[in-house]
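The values are calculated or read from the model by the stated rules, or taken from the named source; none is laboratory data. Since we're looking at a predicted model, the values are computed, not measured. Positions of Cβ are backbone-derived with ideal geometry, glycine not excepted, and every protein chain shown enters the neighbour counts.
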Amino acid sequence: MNIQIFENEKQVHEACAILFAAQLIENPESVLGFATGSTPVGAYDELARMHDEGIISFFHASSFNLDEYVGLEQDHEQSYHRFMMKNLFDHVDMPEENIHVPYGAALDPEVEVLLYENAIAEAGGIDLQLLGIGVNGHIGFNEPSSSFSAETHVVDLTPSTIEANARFFDSADEVPRQALTMGIGTIMNALKIVLVATGENKAQAIREMIDGPINPACPASILQLHDNVTVLLDLAAASLLQ
Ligand code: F6R
C-alpha cells in the first residue's frame with residue numbers, strides 16, 4: 001500500500017482529486033468507481049472546479065457507484081444517486097447514460113445486483129475506485145464478517161452503520177435496513193484503488209486496515225492484498241498507525 005499522510009483534510013481532498021484528474025487525463029475513457037459519504041465531498045468539489053477551469057472532462061468517462069440504500073428512489077433526498085448528482089454529476093459533463101448507481105427501488109433487488117455486476121464487466125471493469133472507510137472498517141456496505149470474494153449483493157446494515165448514517169436522516173428509524181453494494185470481490189477487481197480517511201474517529205479502523213492482520217473483522221484489511229492501493233490520510237486518521 002502507498003500511504004500518504006497530509007497535515008489536514010483539505011490536502012487529502014486535493015490529493016484525491018489530483019489522482020482522479022490524472023486518471024482522466026491519461027485515459028479520458030476511464031471507468032471510475034465513486035463513493036458517497038462525507039469524506040469524498042471535498043474531492044468532488046475540487047474535481048468540479050478542475051472541470052470548470054477546463055482542466056478535465058468526464059465526457060468520455062463512465063462511472064459506477066459503490067452502493068445505494070434498498071427502497072429509495074433515485075430522487076429521494078437521502079439516496080446515493082441524488083447525493084452523486086448534487087455533489088458531482090450536476091457540475092461536470094459526464095453523459096447521464098454513463099452514470100451508474102445501483103437502483104435502490106428496483107422491484108427485485110436480487111436481479112438488480114446481477115445486472116449491476118454485469119454492467120461493470122461489460123464496461124471493461126473499473127480503472128480507478130474511490131473508497132471511504134467506516135468506523136468499523138467497512139468498505140462500500142461490506143460490513144465486518146463479509147465474504148472477501150462477494151460480487152455486488154444485497155446486505156443487511158449493522159446497527160453501527162445505521163447509527164453512523166442516522167445523521168443524514170431525521171432519525172435512526174428512517175435509515176433503510178438494507179443496501180445494494182459492490183462486494184469486496186468487485187472492489188478488489190478494480191485496477192487501482194484510492195482510499196480516503198480523515199478525522200480521529202477513523203484512526204482505529206485505519207490502524208486495523210494497515211497494521212492488523214487480514215481479517216473479515218476489518219473488511220478493509222483485504223486491501224493489503226491489492227497491488228495498487230493509495231491511502232490518503234490526514235494526521236488525525238493516521239494517529240494510531242505504528
Ligand atoms: C459510501 C460507502 C461507505 C463510506 C463509509 C465512510 O458509498 O461506501 O463505505 O465510504 O461509510 O463514510 P464517511 O465518509 O461519511 O465517513
Among the residues of the stretch 182-204, what is the count of those that are surrounded by fewer than 24 Cβ atoms within 10 Å (Cβ to Cβ) and more than 21 Å from S63 (Cα to Cα)? 5
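Would you point out which residue out of N165, N136 is buried (at least 16 other Cβ atoms within 10 Å of the Cβ), modelled with pLDDT under 95 and more than 17 Å from E68 (Cα to Cα)?
Every option except N136 fails the conditions.
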Could you check the stretch 168-181 and list, in sequence order, the residues that are buried (at least 18 other Cβ atoms within 10 Å of the Cβ) and out of contact with any strand residue (DSSP E or B) (no Cβ under 7 Å at 6 or more places or on another chain)? V175
Quick one: how many residues across the stretch 88-99 are within 17 Å of T36 (Cβ to Cβ), surrounded by fewer than 19 Cβ atoms within 10 Å (Cβ to Cβ) and either free of Cβ contacts under 8 Å to residues at least 12 places away in the same chain or within 15 Å of the ligand (Cβ to nearest atom) (or both)? 1
Residues to consider are S160, S145; find the one that is surrounded by fewer than 18 Cβ atoms within 10 Å (Cβ to Cβ) and touching a Pro at 6+ places or on another chain (Cβ under 7 Å). S145
Options G125, G104, G140: the member that is within 15 Å of the ligand (Cβ to nearest atom) and under 22 Å from Y44 (Cα atoms): G140
Could you check P109 against (1) without any contact (Cβ under 8 Å) to a residue 40 or more places away in the chain; (2) buried (at least 18 other Cβ atoms within 10 Å of the Cβ); (3) away from the ligand (no atom under 15 Å from the Cβ) and say which number it fails? (1)
Taking the stretch 105-139 and keeping only residues that are of a type in the set (A, V, I, L, M, F, W, C) and in a helix (DSSP H, G or I), one is left with V111, V113, L114, L115, A119, I120, A121
